[in-house]
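**Student:** Next up is a structure, given as structure tokens.
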Ligand code: BT5
């Protein structure tokens, strides 16, 4: 796999898209020590100082692009596995806030941004770009803006030094393994089960936003396709896209601590 590392870059997702167009059909891993224009979903900023694992994997899609809709869930499980491997003492406190946030002790420690790019030249496969940011070792108090969700780092929650490089390597390896399986067999029952066991807010009443519409109800879990199931007076509904809105008190829920 081609690996391109930057000391300072705008966004590894942007660079992965550019490199994928230059090297059609190849897997490309892009990493950076620091990003100046790290991106979250829906045009949001992603704070990316030194001390984080900032990486993007450009993955040529060999199946129809619409079959990759659940890729961010696959990536979430990959990041859970990778972090659990590198920092085992954190494993029991890791949760997935559907669909793409990783929480550690109720605080956001990682985010995932999946994008699709069309093939650069005729006949070349379209590319899935999976961007992962993991806060490893820096002071989150220095973030310039108010965050949507309280943040933390692996180092803050760990009893031993955590190295950025180890996290990058573990995340990249788990992503390649799980995306290979996903591409061959789709979203496996095993992966859905693993996700179920990690899902944040199950059994609580939450607000959920999809394309500007807010639904409030009990978070029931996910169905076999990885869709989030919410129940309220109108019955049960499964959502393939959207996001759960964090409550101000989430970080104080004392999840496992
Ligand atoms: C995400 O978006 O969580 C996806 C983040 C993906 C970042 C990676 S880094 C490598 C690759 N290159 C990129 O340019 N991006 C990817 P979203 O769910 O929209 O969350 C964004 C929100 O999280 C922001 O609006 C902030 O409130 C908050 N936030 C920003 N930086 C954060 C950080 N480092 N840790 C925790 N929360 C953060």
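**Student:** Here is a list of conditions, (1) within 11 Å of the ligand (Cβ to nearest atom); (2) more than 30 Å from residue 160 (Cα to Cα); (3) under 15 Å from the mean Cα position of the chain (by Cα); (4) touching a residue at least 60 places away in the same chain (Cβ under 8 Å), and residue 71 meets all of them except one; can you say which number that is?
**Tutor:** (1)
**Student:** Of all residues in the stretch 91-104 being in contact with a helix residue (DSSP H, G or I) (Cβ under 6 Å, 6 or more places away or on another chain) and modelled with pLDDT of 95 or more, which is farthest from the ligand (Cβ to nearest atom)? First the steps, then the outcome.
**Tutor:** If we filter the stretch 91-104 for residues that are in contact with a helix residue (DSSP H, G or I) (Cβ under 6 Å, 6 or more places away or on another chain), which is where we start, we get 91, 94, 96, 99-100, 102, 104.
Okay, now just the ones that are also modelled with pLDDT of 95 or more, so 91, 94, 96, 102, 104.
Values: 91: 19, 94: 14, 96: 12, 102: 9, 104: 10 Å.
Checked the stretch 91-104; the qualifying residue farthest from the ligand (Cβ to nearest atom) is 91.
**Student:** Since residue 82 meets every condition but one in (1) surrounded by 20 or more Cβ atoms within 10 Å (Cβ to Cβ); (2) within 12 Å of the ligand (Cβ to nearest atom); (3) more than 17 Å from residue 15 (Cα to Cα), which condition does it not meet?
**Tutor:** In the conditions (1) surrounded by 20 or more Cβ atoms within 10 Å (Cβ to Cβ); (2) within 12 Å of the ligand (Cβ to nearest atom); (3) more than 17 Å from residue 15 (Cα to Cα), residue 82 misses (2) alone.
**Student:** Can I ask one more? Does the stretch 151-164 contain at least one residue that is within 16 Å of the ligand (Cβ to nearest atom), under 18 Å from the mean Cα position of the chain (by Cα) and under 24 Å from residue 239 (Cβ atoms)?
**Tutor:** Checking the stretch 151-164: not a single residue is within 16 Å of the ligand (Cβ to nearest atom), under 18 Å from the mean Cα position of the chain (by Cα) and under 24 Å from residue 239 (Cβ atoms).
**Student:** A further question on this structure: If I filter the stretch 10-24 for residues that are modelled with pLDDT under 95 and either near the ligand (Cβ under 10 Å from one of its atoms) or in a loop (DSSP other than H, G, I, E, B) (or both), do I get at least one hit?
**Tutor:** Looking through the stretch 10-24, at least one residue is modelled with pLDDT under 95 and either near the ligand (Cβ under 10 Å from one of its atoms) or in a loop (DSSP other than H, G, I, E, B) (or both).
**Student:** Keeping to the stretch 201-228, report how many residues are free of Cβ contacts under 8 Å to residues at least 24 places away in the same chain, buried (at least 17 other Cβ atoms within 10 Å of the Cβ) and outside any loop (DSSP other than H, G, I, E, B).
**Tutor:** 1
**Student:** For the structure I just gave you, tell me whether residue 187 is assigned to a loop (DSSP other than H, G, I, E, B) and away from the ligand (no atom under 15 Å from the Cβ).
**Tutor:** Values: assigned to a loop (DSSP other than H, G, I, E, B): yes; away from the ligand (no atom under 15 Å from the Cβ): yes.
Answer is yes for this residue.
**Student:** Next question. May I ask you to list the residues in the stretch 108-164 that are in a loop (DSSP other than H, G, I, E, B), modelled with pLDDT of 85 or more and out of contact with any helix residue (DSSP H, G or I) (no Cβ under 7 Å at 6 or more places or on another chain)? If you could, list the steps in order and put the result at the bottom.
**Tutor:** Within the stretch 108-164, the subset in a loop (DSSP other than H, G, I, E, B) is 118-126, 136-139, 143-150, 152-154, 158-163.
Right, trim to modelled with pLDDT of 85 or more and you get 126, 136-139, 143, 150, 152-154, 158-163.
Scanning the stretch 108-164 gives 138, 139, 143, 160, 161, 163.
**Student:** In the stretch 91-101, how many are within 17 Å of the chain's Cα centre (by Cα) and farther than 16 Å from residue 221 by Cα?
**Tutor:** Just the residues of the stretch 91-101 that are within 17 Å of the chain's Cα centre (by Cα), to begin with: 91, 93-101.
Cutting the leftovers down to farther than 16 Å from residue 221 by Cα gives us 91, 93-94.
The number of residues fulfilling the criteria is 3.
**Student:** Which number in (1) closer than 22 Å to residue 56 by Cβ; (2) touching a strand residue (DSSP E or B) at 6+ places or on another chain (Cβ under 6 Å); (3) within 12 Å of the ligand (Cβ to nearest atom) marks the one condition that residue 148 misses?
**Tutor:** Condition not satisfied by residue 148: (2).
**Student:** Across the stretch 85-105, which residue is surrounded by the most Cβ atoms within 10 Å (Cβ to Cβ) among those that are out of contact with any strand residue (DSSP E or B) (no Cβ under 8 Å at 6 or more places or on another chain) and in a loop (DSSP other than H, G, I, E, B)? Don't jump to the end; show me each part of the working.
**Tutor:** The initial filter retains those residues of the stretch 85-105 that are out of contact with any strand residue (DSSP E or B) (no Cβ under 8 Å at 6 or more places or on another chain), namely 85-89, 91-92, 105.
Add one more test, that the residue is in a loop (DSSP other than H, G, I, E, B), and what stays is 87, 105.
Values: 87: 23, 105: 20.
Out of the qualifying residues, it is 87.
The values are calculated or read from the model by the stated rules, or taken from the named source; none is laboratory data. The shown structure was predicted, so the numbers you read here are calculated from the model rather than taken from an experiment. No Cβ is skipped: glycine too gets one built from the backbone with ideal geometry, and neighbour counts run over all protein chains shown.
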